[in-house]
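The values are calculated or read from the model by the stated rules, or taken from the named source; none is laboratory data. From a predicted model like this one, the values you see are computed outputs, not experimental measurements. Here the Cβ positions follow ideal geometry from the backbone for every residue, glycine too, while neighbour counts run over all protein chains shown. Areas reflect the complete protein model, heavy atoms only, side chains present, ligands, DNA and RNA absent. Shrake-Rupley method; radii C 1.70, N 1.55, O 1.52, S 1.80 Å.
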Amino acid sequence: YCKKVLKGESVLEKRKMREFVNFLPGINPTRAEKQFGTKEIDYYDQAAFERDYNHEEGFMENNPFASFEEGISLSAGDVIISNSMQLATIVGNSNAGKVPSLNFTKVEFTNSEIDKRYFIYLFNAYSGVKRQKERELQGTGLIMRIPIKALNELVIPIISMEEQQKIGKAYNEMLKLQSKLTKYTELIEKFVGTVLEENLKER
């Protein structure tokens with residue numbers, strides 16, 4: 001573990017997000033059309049995020065796709081944040097090449113000291129980060145967001161890469177199980193609903 005010793009006790013080393021990643025905001029559609037000279041742009045939207053977050057096409061284990069426009073479009077295996085949900089996920093194959101709209105923030109990893117899946121665990125589920133995000137939310141009504149400046153200042157625990165990968169893998173396995181349970185629940189509901197309707201038809 002990466003630890004510091006204070007008064008004879010070992011504590012986790014804590015550092016700021018900006019030491020490990022860049023947060024790249026989604027692009028304004030008007031600016032995108034001017035930049036690319038076309039309105040035919042395939043945007044990454046909330047439906048695309050939910051497909052990736054729910055792992056509808058399985059779990060990405062690598063990053064095989066290259067961006068068609070470096071730094072703007074998404075590649076399979078990239079990490080993307082939904083600003084409205086304040087959740088992160090990995091971009092799947094079917095969404096590769098899409099351009100994130102303003103409601104999304106692309107995460108660019110600049111430092112090999114942090115594991116991608118460990119980052120997702122910290123951002124989505126770690127209580128310390130969740131509390132920090134809640135304090136930084138801005139906006140009114142249903143639309144609450146965290147400014148990129150505040151995301152950069154989020155403090156996270158840094159442990160050895162081996163331990164990061166263990167935690168990231170465990171969180172990923174939990175997501176896999178959760179995804180399967182959701183699908184099973186939907187199938188059971190559909191099956192029971194069909195059986196009950198058939199009973200009514202027989203009367």
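Summary of values
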quantity: Accessible area of segment 95-203 belonging to carbon and sulfur atoms, whole % at 1.4 Å probe; calculated: 56 percent
quantity: Set of aspartates and glutamates near Lys14 by C-alpha distance (under 16 Å), chain-local residues within fewer than 8 positions excluded; calculated: Glu113, Asp115, Glu153, Glu163
quantity: Neighbour net charge for Phe191 - beta-carbon separation under 13 angstrom, K R +1, D E -1; calculated: -2
quantity: For Asp45, solvent-accessible area (1.4 Å; no DNA, RNA or ligand), Å²; calculated: 70 Å²
quantity: The chain: angle of helix 161-202 to the longest principal axis, Cα-based, in degrees nearest 10; calculated: 20 degrees
quantity: Within segment 80-198: Cβ-based charge dipole about Cα centre, in debye rounded to nearest 20 (Lys, Arg +1; Asp, Glu -1); calculated: 220 debye
quantity: Cα long-axis angle, helix 127-136 against the chain (0 to 90 degrees, to the nearest 10); calculated: 90 degrees
quantity: Residue among Lys180, Lys106, Lys190 with the largest mean-square fluctuation in a Gaussian network model of the chain, springs linking Cα atoms under 10 Å; calculated: Lys190
quantity: For segment 160-203, accessible area per residue (1.4 Å probe, heavy atoms of protein chains only), Å²; calculated: 85 Å²
